[in-house]
1. When Rg is the radius of gyration of the Cα atoms in the chain and Rh is its Kirkwood radius, what does Rg/Rh come to?
2. Place a point 7 Å from Cα of GLU55 in the direction of its Cβ. Which residues in the range 3-17 have their backbone N less than 19 Å from it?
3. Return the calculated 222 nm mean residue ellipticity for the chain, to the nearest 500 deg cm²/dmol, obtained by summing -39500 (n - 2.57) across DSSP H runs with n ≥ 4 and dividing by the residue count.
4. Round to the nearest 0.05 the FRET efficiency obtained for LYS28 and VAL6 when R0 = 30 Å and r is the Cβ-Cβ distance.
Amino acid sequence: AACGPVLYLRGMHNAEARVDQARDANAKWHAPYEFHLAEAYLKQARIEAAEASYEDAIHYARVAEEFSARAIGITAAQRQVEQ
């Protein structure tokens, strides 16, 4: 039970960093679906953690990180096409 907050913090750090990368890459414009889902899952992770539902929070943070990675990939592919 004591591991939950530690794992959550690590997961949130990774997810927040990836969402920030997507934001900096302008994924909002190139991959809006993936980017907004990433933000929504990150928000839900925070809500779950506030309720001490760390297992759910870790899951939501992981999904946020995955959608951010997709958004970054789509954005990179779009930029390749535009060049």
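1. Values: Rg = 13.7 Å, Rh = 12.7 Å.
That ratio is 1.08, to two decimals.
2. Flagged as within label range: 3-12.
3. Details: 4 runs with 74 residues, N = 83.
Helix-only estimate at 222 nm: -30500 deg cm²/dmol.
4. Details: r = 31 Å, r/R0 = 1.04.
The value I calculate is 0.45.
Any read-out appearing in this document is the output of simple, stated calculations on the displayed coordinates, not a laboratory observation. None of these values were measured; they are calculated from a predicted model. Glycine also receives a Cβ, built like all others from the backbone with ideal geometry; neighbour counts cover every protein chain displayed.
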